[in-house]
Structure formats: C-alpha cells, structure tokens
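Quick note: the coordinates plus some simple rules give every number you see, no bench work behind them. Remember, it's a predicted structure, so these values are computed and weren't measured experimentally. All Cβ positions, even for glycine, are placed from backbone atoms using ideal geometry, and neighbour counts span all protein chains on display.
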Amino acid sequence: MNKNFIAFALFLILINYSLSAQTRARTEINIPDIMDYKTLKCDFHMHTVFSDGLVWPSIRPEEAWRQGLDAIALTDHIEYTPHKDDININFNRPYEIAKPAGDKLDIIVIKGSEITRGMPPGHCNAIFLTDASKLIQDDWRDAFKEAKKQDAFIFWNHPGWKSQQPDGISKWYEEHTWLLKNNMLNGIEVVNERDYYPEVFQWCLDKNLTILCNTDVHDPVQMFWEIHDHDFRPVTLVFAKEKTEASIKEALFAGRTAAYATNSLFGKEQFVRQIFNNSVSINKTDLVINGKRSVNIMFKNDSDIDYKLVSKNKFEELSFNDEITLYANKTVILSLRGTSNEKSDIQKFELLFEVQNIKINSEENLMVSFPLNITFVPVEKM
Ligand SMILES: [Zn+2]
Ligand SMILES: [Zn+2]
C-alpha cells in the first residue's frame with residue numbers, strides 16, 4: 001500500500017477520533033408537560049468540594065445538562081466542611097462558580113445551603129438564598145430565621161436517614177411543628193438518593209407540604225447513578241409557568257411538584273393523572289369482534305416511564321390479559337377476545353386499570369380507565 005495513502009487514512013481516523021471525543025450530548029428526560037405548565041426536571045440537593053462533595057461546582061451544571069435536567073441547586077453543608085484545610089470555604093462560592101457554567105448550557109443554577117443539625121430538626125435545605133454565609137448561626141432556630149428573612153424555600157432532607165433514625169422510619173417532632181407554624185418548612189424530601197419514605201409522602205399531602213425528590217449526590221453523578229441500565233437519578237418534577245428561576249420558586253411554594261424515581265411517580269392525583277393522560281394514547285375506541293375471535297387495541301406511550309397496568313374489572317363478554325406494561329416510548333398491543341360465537345349487539349365497556357408505579361398517596365395507586373364501544377358480530381359454526 002502507498003505510504004501516503006496510509007498516512008492520509010491515519011489522519012482521517014485521528015480527526016474523527018478527536019471530533020467524537022469532543023462531542024457533548026444531552027439525553028432528554030421525556031415526561032410530558034401538563035395543564036398550562038412546563039414539566040421541569042430538577043435536583044435541589046447536591047454537594048461540592050465546598051462541603052463533603054467530591055466535585056468542583058462547575059461540573060454540576062454540565063452533568064445536569066447531559067442528563068436532561070432543567071435546574072439544580074447546590075446545597076453544601078454549612079456546619080460540615082471536611083475539605084476546609086484544602087479549600088478556602090466560602091458558602092456563596094459554589095453558586096458563583098457554577099452559575100456561569102449553567103448559563104452557557106441553559107441550566108438554571110439556584111443558590112442553596114444545607115442546614116446540618118442533629119435530629120430534631122435534622123438536615124434542611126434552604127434554596128433561593130441571597131447570602132448563604134449568614135446561615136452560620138449557633139442556634140438552629142436562628143439559621144432558619146435567617147433563611148426565611150432571605151425569602152428562601154426551606155425543606156426537610158432525608159427524614160428517615162438511618163444515621164439519624166436507625167429504623168429508617170421518619171418521625172415528626174415538636175421542632176417541625178414549630179418550623180411549620182412559623183412558615184419555615186415548605187416541603188420535605190419524599191425521595192432522597194435511593195430511599196423512599198411513604199410516611200413522608202402522606203405528611204406532604206396531609207400538611208400541604210411540597211414533595212421533593214433529590215439525589216443528594218456527593219460523587220461525580222456517574223460514579224453513583226446510571227451505572228447500569230435504567231439506573232436513573234431521582235428528579236423533582238416542577239410544574240412551572242416558564243423555565244425561569246422565578247417560575248420554579250413560585251411553583252415550589254404553590255406545591256406544584258411530583259417525585260420521579262426508579263420508574264415510579266409519586267404525587268398529587270391531579271398532577272400525576274395528567275402526566276399519564278398526556279403520555280398514553282389509544283389507537284381506537286370503536287371495535288368489532290367477530291364471535292370468539294380477537295381484536296387488537298394499541299397503547300402508545302410517549303414518555304420515558306414504563307407504566308405497569310393491572311386490570312381491575314372483568315367482563316363475561318370479553319377476555320384479555322390481566323397485566324400489561326406500557327413500555328416507555330413504545331406502542332404495545334392488548335388483545336381482546338370475544339367469548340361467544342352467537343353474540344350480536346353493541347355494548348359499551350370501561351376497562352379499568354391500576355397503574356402500579358404511580359402513587360397518589362402512601363397506600364393507593366392511580367386508577368385509569370379506557371372507554372370502548374364494541375360491536376359483536378355472530379360467527380356461523382363451520
Ligand atoms: Zn443531609
Ligand atoms: Zn446533603
């Protein structure tokens with residue numbers, strides 16, 4: 001082979017390699033908008049080297065962009081700074097460093113801090129702060145008062161964290177009642193990292209507190225999440241009027257959120273029902289069944305969530321599978337079969353399903369129904 005040709009081929013390979021090495025790609029999280037709101041994907045709890053995290057602040061917006069998020073809050077511990085001999089600790093710096101990186105990528109970066117106290121009241125995040133350094137206070141009550149003075153949104157982190165609650169069960173203390181009464185507790189993490197707290201989900205609904213779902217990530221995200229297929233970082237879905245910091249803040253105070261973690265949704269029925277309805281469509285509702293033969297209906301799922309449906313009603317005239325999974329971004333078939341060769345009429349049905357991975361409170365799953373009009377045509381015996 002010609003030497004020049006080999007050199008040229010090598011040159012092309014190198015060019016290609018360096019181009020692909022530079023490619024930065026974002027994977028969207030496909031969950032539909034609802035009502036008149038945009039469904040923003042957010043993570044309001046993460047750490048950097050400015051407390052006990054292992055990454056530099058500007059890396060967080062890049063990770064968030066690549067993983068399909070819209071907004072993040074950096075929330076380093078105020079009271080725990082193990083890297084202080086190596087890093088000049090300043091609680092406003094993580095935001096100041098991350099914000100320009102976020103702006104370049106259209107990732108909203110929110111200034112926050114983690115008020116890190118023993119239980120009660122435990123750990124709480126204050127976000128939308130103006131000056132995080134003012135949260136350095138001897139008495140935890142003064143730290144919350146300062147956060148409120150800055151008009152922060154304050155939420156309780158990982159209430160069932162085993163280091164503070166060895167049985168993993170969250171407990172509500174007088175101190176939390178005091179915070180709630182004084183308007184210094186606006187939400188709670190229903191999901192933190194890989195833990196889900198059903199009792200906290202119910203508190204949010206009963207006490208009108210906002211549902212949060214965050215990573216609390218300390219490592220580079222991909223050293224902890226997405227290490228195998230379907231291992232997605234948890235996300236707080238925020239139903240915001242616009243993709244702006246002000247709109248996110250308004251939606252958080254108004255309680256318009258849901259939790260999305262491990263292929264499940266946790267939220268108020270009015271919101272999660274809309275997510276399901278805007279994700280799933282059916283190809284037809286008027287069907288003809290000839291005798292005992294079958295007919296197909298197709299469910300199209302335009303979201304990243306595999307919806308797991310279990311049938312909740314039975315009909316003498318129809319037979320079909322009890323369980324069906326509506327796979328993410330796919331269309332699946334449900335086959336309906338007649339049970340009589342003689343039947344001749346038109347009948348309305350309402351197929352009722354429980355969606356096992358959409359929780360509307362600590363005990364119940366979302367129920368959905370699909371109306372069908374079926375014309376039964378008798379078939380002559382052969
Ligand atoms: Zn914490
Ligand atoms: Zn934390």
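For the range 226-285, evaluate the Debye formula with one uniform point scatterer on each Cα (no solvent term) and list log10 I(q)/I(0) at q = 0.17 Å⁻¹, rounded to two decimals.
-0.71
For the range 1-141, place one equal point scatterer on every Cα, skip the solvent, and apply the Debye formula. What is log10 of I(q)/I(0) at q = 0.17, 0.18 Å⁻¹?
Log10 I(q)/I(0), no solvent term: -0.94, -1.01.
With viscosity set to 0.692 mPa s and temperature to 37 °C, compute the Stokes-Einstein D of the chain, Rh being the Kirkwood radius across alpha carbon pairs; µm²/s, no decimals. Intermediate values should be presented prior to the final figure.
Details: Rh = 23.4 Å.
Roughly 140 µm²/s, to the nearest whole number.
Taking a spot 7 Å from the Cα of Ser344 along the direction of its beta carbon, which residues of the range 360-382 have an amide N less than 16 Å from it?
Answer for this model: 375-382.
Distance from the Cα centre of the range 344-371 to that of the range 179-248, in angstrom?
Taking the Cα centre of the range 179-248 as reference, the centre of the range 344-371 is 27 Å away.
With axes computed from alpha carbons, what is the tilt in degrees of helix 93-105 against the longest principal axis of the chain, rounded to the nearest 10 within 0 to 90?
40 degrees
Work out the FRET efficiency for Asn92 and Lys312 from their Cβ-Cβ distance, taking R0 = 56 Å, and round it to the nearest 0.05. Write down the numbers at each step before the final one.
On the way: r = 53 Å, r/R0 = 0.95.
Efficiency computed from Cβ-Cβ geometry: 0.60.
If you place +1 on the Cβ of every Lys and Arg, -1 on the Cβ of every Asp and Glu, and leave all else neutral, what size is the dipole of the range 34-99 about its Cα centre, to the nearest 20 Debye? Show your work: numbers first, answer last.
Values: 7 positive and 11 negative charges, 43 e Å.
I would put it at about 200 debye.
Hey, what did the range 280-377 get for relative contact order, percent, Cα under 8 Å, at least 6 apart?
Numbers: 230 pairs, mean separation 33.0, N = 98.
Once divided by the residue count of the range 280-377, the mean separation gives 34 percent.
Which of the chymotrypsin sites (Phe, Trp or Tyr not before Pro) across the range 149-199 are loop residues per DSSP, with 16 or fewer other Cβ within 10 Å? Could the numbers behind the result be given before it?
Values: sites: Phe153, Phe155, Trp156, Trp161, Trp172, Tyr173, Trp178, Tyr196; in loops: Trp161, Trp172, Tyr173.
Passing both the DSSP loop test and the Cβ count: Trp172, Tyr173.
Among the chymotrypsin sites (Phe, Trp or Tyr not before Pro) in the range 41-120, which ones are in a DSSP loop with at most 15 other Cβ atoms within 10 Å of the Cβ? Mind listing them? Can you show the working numbers first?
On the way: sites: Phe44, Phe50, Trp65, Tyr80, Phe91, Tyr95; in loops: Phe44, Phe50, Tyr80, Phe91.
Those satisfying the criteria are Tyr80.
What distance in nm separates the two pseudo spin-label positions at Met223 and Asn182, each 7 Å out from Cα along the beta-carbon direction?
3.8 nm
With springs connecting C-alpha atoms under 10 Å apart, model the chain as a Gaussian network and identify which of Gly68, Gly338, Gly267 has the largest mean-square fluctuation.
Gly338
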